[in-house]
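Working notes, beginning with the structure itself.
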Amino acid sequence: MKKHVIEDANMKGQPPRSRRDRGAVQIEFVLSIMTVMFVLFAIWELIMIVHTMNVLSDAAKEGVRYAIVHGEKNDPAYQSDPGNVTAIKNVVRDYARLSFQDVPLTAIQVCYAPAAGTTGFPCVSGGTNELLNIVRVEVEYNFLPYTALPFRPTLRAAAEGRIVY
């Protein structure tokens, strides 16, 4: 009995495909492309979380710098009232706008503590911006993913600095 052979230029000498194998390439392609797209979107979300965390950390540091420079012992033109932290929060928000996120949802807390070894203290309102006191800026943000992730991480960043001016 003679074997059927396809006389196509691309498949010379290959036996014909059976009916069972038809469409397998398309199904494999769809499954592969879905896996690749899932991995790409997951990498994109991870990159955006890291980017947003870096921007929030830098925004907290910028708020601390602003608070240090506008301490009580500075030139009166640069002083800020320690009870009024609106200017510091505005500096943090302006800096955080560099991320691609909805920054008005960011919670910002600014507090001052005495100089006596209180680094890492929980942020409690009060205190003054006197010389050698510590200022702490905490930023909290509920990350909004671009894709439908099953979780929404809350990103937190904090920075501290000593008022030396």
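The values are calculated or read from the model by the stated rules, or taken from the named source; none is laboratory data. None of the values given here were measured: they were computed from a predicted structure. Please note: Cβ atoms are built from the backbone with ideal geometry, for glycine as well, and neighbour counts cover all protein chains shown.
Tabulated results
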| quantity | calculated |
| --- | --- |
| Identity of the residue in the range 21-50, among the acidic types (Asp, Glu) and surrounded by 10 or more Cβ atoms within 10 Å (Cβ to Cβ), that ends up farthest from LEU98 (Cα to Cα) | GLU28 |
| Of all residues in the range 56-108 being of a type in the set (Phe, Trp, Tyr) and either crowded, with 19+ Cβ neighbours inside 10 Å or touching a His at 6+ places or on another chain (Cβ under 6 Å) (or both), the one that is modelled with the lowest pLDDT | TYR78 |
| Selection count where residues are within 13 Å of MET48 (Cα to Cα), out of contact with any Asp or Glu (no Cβ under 9 Å at 6 or more places or on another chain) and at pLDDT 85 or above, scope the range 144-164 | 1 |
| Test set (1) modelled with pLDDT of 85 or more; (2) over 30 Å from ILE49 (Cα atoms) - GLU140 fails condition number | (2) |
